[in-house]
1. So is Pro100 open to solvent by 70 Å² or more (accessible area, probe 1.4 Å), modelled with pLDDT of 95 or more and not assigned by TED's automatic domain parsing to the domain that holds Leu154 or not?
2. Would you check if there is a residue in the range 124-135 being buried (at least 21 other Cβ atoms within 10 Å of the Cβ) and outside the structural domain of Ala168 (by TED's automatic domain parsing)?
3. For the range 170-199, which residues satisfy the criterion of being away from the ligand (no atom under 13 Å from the Cβ) and among the small types (Gly, Ala, Ser)?
4. Given (1) within 30 Å of Gln270 (Cα to Cα); (2) in contact with a helix residue (DSSP H, G or I) (Cβ under 9 Å, 6 or more places away or on another chain); (3) away from the ligand (no atom under 13 Å from the Cβ); (4) not in a loop (DSSP other than H, G, I, E, B), where does Glu86 come up short, assuming only one miss?
5. Arg144 fails exactly one of the following numbered conditions: (1) among the basic types (Lys, Arg); (2) closer than 19 Å to Ala184 by Cα; (3) surrounded by 12 or more Cβ atoms within 10 Å (Cβ to Cβ). What is the number of that condition?
6. Please indicate, with yes or no, whether at least one residue in the range 4-20 is among the aliphatic types (A, V, I, L, M) and within 21 Å of the chain's Cα centre (by Cα).
7. Could you grab me the full set of residues in the range 20-43 that are over 26 Å from Glu73 (Cβ atoms) and either within 15 Å of the ligand (Cβ to nearest atom) or charged (D, E, K, R) (or both)?
8. If a residue has to be within 16 Å of the ligand (Cβ to nearest atom) and either assigned to a loop (DSSP other than H, G, I, E, B) or in contact with a Pro (Cβ under 8 Å, 6 or more places away or on another chain) (or both) to count, how many in the range 200-244 make the cut?
Amino acid sequence: MNNTKVYLNGEFIPLAEARISVMDRGFLFGDSIYEVIPAYGGRLFRLQHHLHRLENSLHAIHMKNPLSHEEWENLLATLVLQYAGEDQSVYLQVSRGVAPDRDHTIPEGLTPTLFALTTPFPSIDPQCYKKGIAAITLDDIRWRFCNIKATTLLPNVMLRQEAKERGAMEAILIRDGLAMEGAASNLFIVDDGQIITPPKGEHLLPGVTRDLVLELAAEKDIPYCEASITREQLDSADEVWLTSSTREIMPVTHLDDRPINNGKPGELWQKMFNHFQAYKEELR
Ligand code: PDD
């Protein structure tokens, strides 16, 4: 990390020298949005999907995209060249910018703050795939627009921390009796040979990994549907998976301290995991 260069407002500079103002609205209000994009073998994975979601998040908070897709592509391609050929995870953030006063209302004519950083892809403990992971269910205390990838993540931080303190890797969030997603991942269950994931809407993030899993299911003739998952369905599921750009597809084998099915990663998970890895390899 020491020699890492980051992108900040038009420049590539050493991480240690990157500075933003304390008056940045991202810092003061969490008035900003972000993306996390994997780069396998140094190649940005599902980049157009991430840029499309970035566009939607900006639109939802009434911001214009400060860069064209081509400009984003060039910027990110330059960033990942630092670790050419290696697996990386790219973080990018766009904040509303620096305002003269701390005022909730948005002043006219602000220049957005643009930041991007690449780090080696976070290693996944092979035990997670061998044994599966533990998750707990928690009340979804987040706001209503979880489809926006906002940096205002205090509820997610608290939920994930509670999971960690209770010996679990993720919290699965329950709103009005329905399981929505994880604190930082999307949710899938397997019920009677069919993959089920909640439909997109305001209560969950439209995950790029989620969409790829559905795409692969369609391509490989694995039955799937997008439907609400009740608390009871979650509890009696044959398999539970969580997906994200940094954890790919994780099998959950323990929920609230009870084993799911036989307490081992399921057959359908293994199948989907293999399809996912093969898809990644094709793009290298
Ligand atoms: N989080 N749901 C939430 C609430 C998330 O924060 C994430 C990802 C996902 C999965 O989306 P995707 O497949 O596009 O990564 C679902 C990222 C990785 C993060 O905040 O670090």
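1. Working: open to solvent by 70 Å² or more (accessible area, probe 1.4 Å): yes; modelled with pLDDT of 95 or more: yes; not assigned by TED's automatic domain parsing to the domain that holds Leu154: yes.
Yes, satisfied.
2. No - not one qualifying residue is present in the range 124-135.
3. Gly177, Gly193, listed by residue number.
4. (4)
5. (3)
6. yes
7. Arg25, Gly30
8. Within the range 200-244, residues that are within 16 Å of the ligand (Cβ to nearest atom) and either assigned to a loop (DSSP other than H, G, I, E, B) or in contact with a Pro (Cβ under 8 Å, 6 or more places away or on another chain) (or both) number 13.
The values are calculated or read from the model by the stated rules, or taken from the named source; none is laboratory data. As the structure is a computational prediction, the values presented were derived from the model and not from experiment. Neighbour counts run over all protein chains shown; Cβ positions are idealised from the backbone, glycine included. Accessible surface areas use protein heavy atoms only, side chains included; no ligands, DNA or RNA. Shrake-Rupley method; radii C 1.70, N 1.55, O 1.52, S 1.80 Å.
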